[in-house]
């Protein structure tokens with residue numbers, strides 16, 4: 001058996017380059033657009049560093065100062081038992097804000113999720129309007145909502161709860177409507193075929209499919225809200241963020257590191273519990 | 001059909017029925033228990049977050065009023081004049097928006113580069129050693145859990161005010177968030193190309209470069225773009241703690257009750273976020289499309 005090369009006909013063929021131009025084209029012209037995009041990206045990246053005012057001196061002195069601060073942070077120390085209790089109270093505020101905010105946002109967003117789902121309400125103008133409405137709410141950060149709610153109900157964790165409710169309302173509305181749109185239509189047809197009303201189709205056809213998805217999303221948001229509720233106090237809306245900002249502003253670095261560790265432990269704990277619960281829910285759905 | 005039912009004796013039927021009822025009661029008990037725990041948590045968090053229904057009902061009118069106040073007064077006769085007055089600081093705001101986008105961009109890219117290195121170090125299949133894997137995993141977890149604005153607060157003290165602490169804060173948080181995703185992607189790659197490179201005598205670097213990177217690059221890009229969207233939102237509020245971008249202006253306007261300016265800046269932010277979202281979505285889809293071809 002003679003050896004068979006991939007381009008056996010090409011051996012000694014003077015027109016080989018013309019037959020397979022793709023192998024002889026210049027590397028640069030082959031990847032013109034990708035390379036242009038890449039170099040534009042690199043130029044923008046360098047310009048970005050330049051425009052944020054980076055300089056060798058600033059980085060060196062900044063890193064030095066940061067190292068010095070980290071040194072001051074050790075060992076973490078709340079200062080006194082009283083302060084430790086105050087920080088713990090802040091942590092409880094944070095957790096309450098995250099829990100209540102997520103729950104109420106989910107309850108309020110559910111009807112809007114139904115309205116925004118194409119397979120429930122099939123009016124495209126209405127669909128577009130409600131989707132943009134939810135997008136607009138989502139486009140405003142939780143911290144900004146917190147500032148607005150502080151103007152309504154005053155400083156404190158209640159404003160934080162309302163901020164989380166408002167910000168999550170937009171995200172939940174979108175996620176819920178997507179979950180509902182992804183639901184299988186056969187159970188709905190089955191309910192309708194056996195004489196069920198539209199409400200029956202919703203209750204027995206769609207809800208059993210979407211409830212596990214929604215529950216898992218709500219748990220996931222509870223996790224992420226625990227993180228955002230720790231910083232919402234920075235603008236005065238309650239929780240441990242208030243103490244975090246205060247200790248940084250007053251340069252009480254040992255208290256700062258104590259609070260950070262408190263937050264880290266709590267967030268990891270919440271993540272762990274919520275991951276367990278989500279596994280249970282998804283497991284039930286699979287069975 | 002009916003004969004099969006008749007063949008079950010009364011005792012057998014009762015026994016089965018009992019079992020069914022017991023299983024049902026067990027399930028109901030669990031649901032009831034869950035509801036009780038939920039109720040306790042709700043009541044506890046009502047107290048914990050100082051929910052005050054009276055205050056809420058008394059003051060809720062301020063919420064719609066606020067939106068009424070920040071709505072600019074545009075007249076039909078002098079529409080363009082009013083529009084120009086509403087957006088009086090457009091040049092300044094656009095410059096700050098540009099700075100916000102740059103903070104997000106530089107922070108995302110730098111964070112992604114760090115995540116790229118740490119992702120390989122912390123993955124189960126490509127790690128250099130168990131020890132480095134453990135250390136980089138814990139480090140990524142730490143970066144991920146500390147909110148970016150907390151990093152920003154500390155960096156503002158050590159690097160001074162301005163966009164630089166914002167970039168560094170976003171960089172660290174992005175490295176943590178993407179590092180975990182990257183290492184998960186790396187753990188899901190096909191191991192055959194890597195083994196091929198190893199069998200041909202390639203070093204660890206060669207295995208990563210020619211075995212793993214070609215498989216993961218498109219997913220990495222897609223996640224990085226997704227993170228860029230998130231970081232644009234994050235960079236918009238960095239200014240709240242003095243770390244650059246449009247947030248500084250926004251918080252000043254909100255605190256000083258410059259109503260129409262608040263709406264103008266908010267509108268600019270919302271439009272920018274929407275545009276960025278749709279553009280990155282387009283790019284991500286084109287990447288995924290290329291991958292499948």
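Some observations on this one:
- Taken together, the residues in segment B:86-143 that are farther than 28 Å from residue B:72 by Cβ, in contact with a helix residue (DSSP H, G or I) (Cβ under 8 Å, 6 or more places away or on another chain) and not in a helix (DSSP H, G or I) amount to 6.
- Condition broken by residue B:266, with the remaining ones in (1) without any contact (Cβ under 8 Å) to a residue 12 or more places away in the chain; (2) within 12 Å of another protein chain (Cβ to nearest Cβ); (3) out of contact with any helix residue (DSSP H, G or I) (no Cβ under 6 Å at 6 or more places or on another chain) satisfied: (1)
- Of all residues assigned to segment B:250-258, none qualifies as being part of a helix (DSSP H, G or I), in contact (Cβ under 8 Å) with a residue 60 or more places away in the chain and in the same structural domain as residue B:183 (by TED's automatic domain parsing).
- Within segment A:180-219, tally of residues that are within 14 Å of chain B (Cβ to nearest Cβ) and out of contact with any helix residue (DSSP H, G or I) (no Cβ under 7 Å at 6 or more places or on another chain): 1
- Options A:102, A:94, A:142; residue that is buried (at least 21 other Cβ atoms within 10 Å of the Cβ) and within 21 Å of residue A:247 (Cα to Cα): A:94
- Of all residues making up segment A:238-253, the number that are touching a residue at least 24 places away in the same chain (Cβ under 8 Å) and more than 10 Å from chain B (Cβ to nearest Cβ): 4
- Residue in segment A:106-116 that is facing chain B (nearest Cβ under 9 Å), in a helix (DSSP H, G or I) and at pLDDT 85 or above present: no
- Test for residue A:175: is it within 30 Å of residue B:148 (Cα to Cα) and not in a helix (DSSP H, G or I): no
- Of the residues making up segment A:123-151, just one is at pLDDT below 85, over 19 Å from residue B:276 (Cβ atoms) and within 7 Å of chain B (Cβ to nearest Cβ), namely A:151.
- Residue check for residue B:177: in the same structural domain as residue B:97 (by TED's automatic domain parsing), surrounded by fewer than 24 Cβ atoms within 10 Å (Cβ to Cβ) and either more than 24 Å from residue A:227 (Cα to Cα) or touching a strand residue (DSSP E or B) at 6+ places or on another chain (Cβ under 8 Å) (or both): no
- Test for residue B:272: is it part of a helix (DSSP H, G or I), within 10 Å of another protein chain (Cβ to nearest Cβ) and touching a residue at least 40 places away in the same chain (Cβ under 8 Å): yes
- Selection within segment A:224-233 - at the interface with chain B (Cβ under 7 Å from one of its Cβ atoms) and crowded, with 24+ Cβ neighbours inside 10 Å: A:230, A:231
- Residue A:87 being more than 10 Å from chain B (Cβ to nearest Cβ), surrounded by fewer than 16 Cβ atoms within 10 Å (Cβ to Cβ) and part of a helix (DSSP H, G or I): no
- Number of the condition not met by residue B:261 [criteria: (1) surrounded by fewer than 19 Cβ atoms within 10 Å (Cβ to Cβ); (2) more than 19 Å from residue B:188 (Cβ to Cβ); (3) more than 11 Å from chain A (Cβ to nearest Cβ)]: (1)
- Residues that are more than 9 Å from chain A (Cβ to nearest Cβ) and either part of a helix (DSSP H, G or I) or crowded, with 24+ Cβ neighbours inside 10 Å (or both) within segment B:144-168 comprise B:144, B:151, B:152, listed in sequence order.
- Among the candidates A:74, A:6, residue that is more than 10 Å from chain B (Cβ to nearest Cβ), at pLDDT below 85, within 25 Å of residue A:246 (Cβ to Cβ) and surrounded by fewer than 12 Cβ atoms within 10 Å (Cβ to Cβ): A:74
- Residue within segment B:82-99 that is closer than 30 Å to residue A:104 by Cβ and within 14 Å of chain A (Cβ to nearest Cβ) present: no
- Boolean, residue B:111 is under 17 Å from residue B:179 (Cα atoms), crowded, with 23+ Cβ neighbours inside 10 Å and within 14 Å of chain A (Cβ to nearest Cβ): yes
- Options B:287, B:220, B:205; residue that is away from every other protein chain (no Cβ under 12 Å) and touching a residue at least 12 places away in the same chain (Cβ under 8 Å): B:220
- Selection status of residue B:171, modelled with pLDDT of 90 or more, within 12 Å of another protein chain (Cβ to nearest Cβ) and closer than 23 Å to residue B:133 by Cα: yes
- Inspection of segment A:40-47 identifies at least one residue that is farther than 22 Å from residue B:152 by Cα and away from chain B (no Cβ under 11 Å).
- Considering each residue of segment B:206-221 in turn, at least one proves to be surrounded by 17 or more Cβ atoms within 10 Å (Cβ to Cβ) and closer than 24 Å to residue B:102 by Cβ.
- Scan of segment B:67-85 for residues that are in contact with a helix residue (DSSP H, G or I) (Cβ under 7 Å, 6 or more places away or on another chain) and either surrounded by 15 or more Cβ atoms within 10 Å (Cβ to Cβ) or part of a helix (DSSP H, G or I) (or both), ordered by number: B:69, B:70, B:72
Here's the yes/no breakdown for (1) more than 16 Å from the chain's Cα centre (by Cα); (2) in a helix (DSSP H, G or I); (3) on the phi > 0 side of the Ramachandran plot:
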site	(1), (2), (3)
A:219	no, yes, no
A:223	no, yes, no
A:243	yes, yes, no
A:251	yes, no, yes
A:258	yes, yes, no
A:261	yes, yes, no
A:268	yes, yes, no
A:274	no, yes, no
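The values are calculated or read from the model by the stated rules, or taken from the named source; none is laboratory data. Keep in mind it's a predicted model, so treat the numbers as computed, not measured. Glycine also receives a Cβ, built like all others from the backbone with ideal geometry; neighbour counts cover every protein chain displayed.
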